[in-house]
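The values are calculated or read from the model by the stated rules, or taken from the named source; none is laboratory data. From a predicted model like this one, the values you see are computed outputs, not experimental measurements. Cβ coordinates were reconstructed from backbone atoms using ideal geometry, including for glycine residues, and neighbour counts include every protein chain displayed.
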Amino acid sequence: MNKLYEIVLKTPWPYWIAGIILSLLNIFLLITTGSPWRVTSGFLYWGMGFLEKLGYSDFTGSYIELYGGLTAGETFLLNTVSILNVAVIAGALLSVLISNEFKWKKIKNAKQVAFGITGGLLMGYGAIIAFGCNIGAFFSGIPSFSLHGWVFGGSMVVGGVIGSKILMRYMV
Amino acid sequence: MTSERIEALKRRRKEEREVIKSTNQSPHAWILLVIILMVSMALFLNQSFYMWIFPIGILLGFTLERSRFCFTASIRNPLTIGTTKLLQAVILALMVSTVFFFILQVQTLDVGNFQLSEVPGNLRPLGWNTVIGGVLFGVGMIIAGGCASGTLVRVGEGFTLQIVVLVAFIAGAILAGVFHYPFWYDLFIEGREAIYLPEIFGFIPALLLQLAVLGILYVAARSFAKRKKI
């Protein structure tokens, strides 16, 4: 029993098992909530909630106005995708705490920050115009048999090749 | 002299014990678990199906962290260090999901007569915006060192850098989704519909085709890694 506990909670799981668990969780999410796993629209909701707090609320022609996503009673802070995003952070935190590995990992240098900010901006921008990130468009879009998932996946790999070149040139 | 040495030893032992004590984080894990249960309850009271979302999200985050499963690394590793274990796992997960989604879609839909809006899943319009967005996203995730889910997981692991990435991610999403959205919408998106593969090929052929393509990609990834090794 103790050994099982050690294996399940303290050692890394094989990738393929994790992949199957993620697939199971995704279909379970689709059955229980009517929508598969998504991430980026949750970030957009948070951002729009922040804009509202700042007094900006003219969302004419925005992604949300055209494609909605929030059901009745949901707000920019409290909605399916935002809850899921907070839960993913908490789940990862729980995992590192159980294996006694939590530590604040400090930023090493300014270059890292510059790459992080640029990368973050590109991801946010790209995910919104393409209707999804690596989760919504790729991990949920392809199993949904939506062709945009495949095209997104292929484009993401092309971007990955360009990104790796940039990384090798400037980071290492 | 000796008593001084003994005192020093005692002090050092005590310090060592304190170090060990501070690295045992299971009390924190228990506290977090209680908070998670309380939040799940509160969400359930707010809206009953919210109860599922929070625990599922916890399990998603837990699985991603425990396995170091990372979509970014699945693409970066073959390009930089030549390993494809992770890429193979991603393709396998897509195959498993494909079967699950297929069963659900066939059970939900009236196969002969259905609307695209009735299909369970993420069906979205396809256009040049998909290509441009995909490339931007791919570049971004490699240089930021993590995709959308990976950024969330690393925030949970305590990486300060990924908090910065998350804020930039949100800023990028607002820029595109609020301020620039009319531009992209007019240019590529307006009037476009999702392309649903079973509508073109039929349900069973679409399933077999998709599994075949994923299967080929899996084998290709495996032989790519073998070739790189030699």
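Residue-level check: of (1) surrounded by fewer than 17 Cβ atoms within 10 Å (Cβ to Cβ); (2) modelled with pLDDT of 85 or more; (3) of a type in the set (Gly, Ala, Ser), A:Ala90 misses just (1).
Here B:Ser117 meets each of (1) without any contact (Cβ under 8 Å) to a residue 24 or more places away in the chain; (2) more than 10 Å from every other protein chain (Cβ to nearest Cβ); (3) outside any helix (DSSP H, G or I) with one exception, condition (3).
Taking the condition among the hydrophobic types (A, V, I, L, M, F, W, C), farther than 18 Å from A:Trp46 by Cβ and facing another protein chain (nearest Cβ under 7 Å), does A:Phe102 pass? Even if it seems obvious, please write down each step before you answer.
Values: among the hydrophobic types (A, V, I, L, M, F, W, C): yes; farther than 18 Å from A:Trp46 by Cβ: yes; facing another protein chain (nearest Cβ under 7 Å): yes.
Criteria met by A:Phe102.
Residue count for the range A:88-102 satisfying the condition of being touching an Asp or Glu at 6+ places or on another chain (Cβ under 6 Å) and aliphatic (A, V, I, L, M): 2. Residue-level analysis places B:Thr130 among those that are at pLDDT 95 or above and under 22 Å from B:Leu116 (Cα atoms). Out of B:Ala168, B:Ala148, B:Ala206, one residue alone is over 29 Å from A:Ala92 (Cα atoms) and facing chain A (nearest Cβ under 7 Å). It is B:Ala206.
Residues that are charged (D, E, K, R) and farther than 20 Å from A:Phe138 by Cα within the range B:172-230 comprise B:Asp186, B:Glu190, B:Arg222, B:Lys226, B:Arg227, B:Lys228, B:Lys229, listed in sequence order. Looking across the range B:183-198, the residues that are crowded, with 17+ Cβ neighbours inside 10 Å and out of contact with any strand residue (DSSP E or B) (no Cβ under 9 Å at 6 or more places or on another chain) come down to B:Trp184, B:Tyr185, B:Pro198. Taking the conditions (1) crowded, with 23+ Cβ neighbours inside 10 Å; (2) closer than 20 Å to B:Thr84 by Cα in turn, A:Gly120 satisfies each one other than (2). Exactly one residue out of A:Leu44, A:Leu30, A:Leu51 is part of a helix (DSSP H, G or I) and either modelled with pLDDT under 90 or surrounded by fewer than 19 Cβ atoms within 10 Å (Cβ to Cβ) (or both), and it is A:Leu51. Taken together, A:Leu70, A:Leu9, A:Leu22, A:Leu66 contain a single residue that is in a helix (DSSP H, G or I), surrounded by fewer than 22 Cβ atoms within 10 Å (Cβ to Cβ), among the hydrophobic types (A, V, I, L, M, F, W, C) and touching a residue at least 12 places away in the same chain (Cβ under 8 Å), which is A:Leu9.
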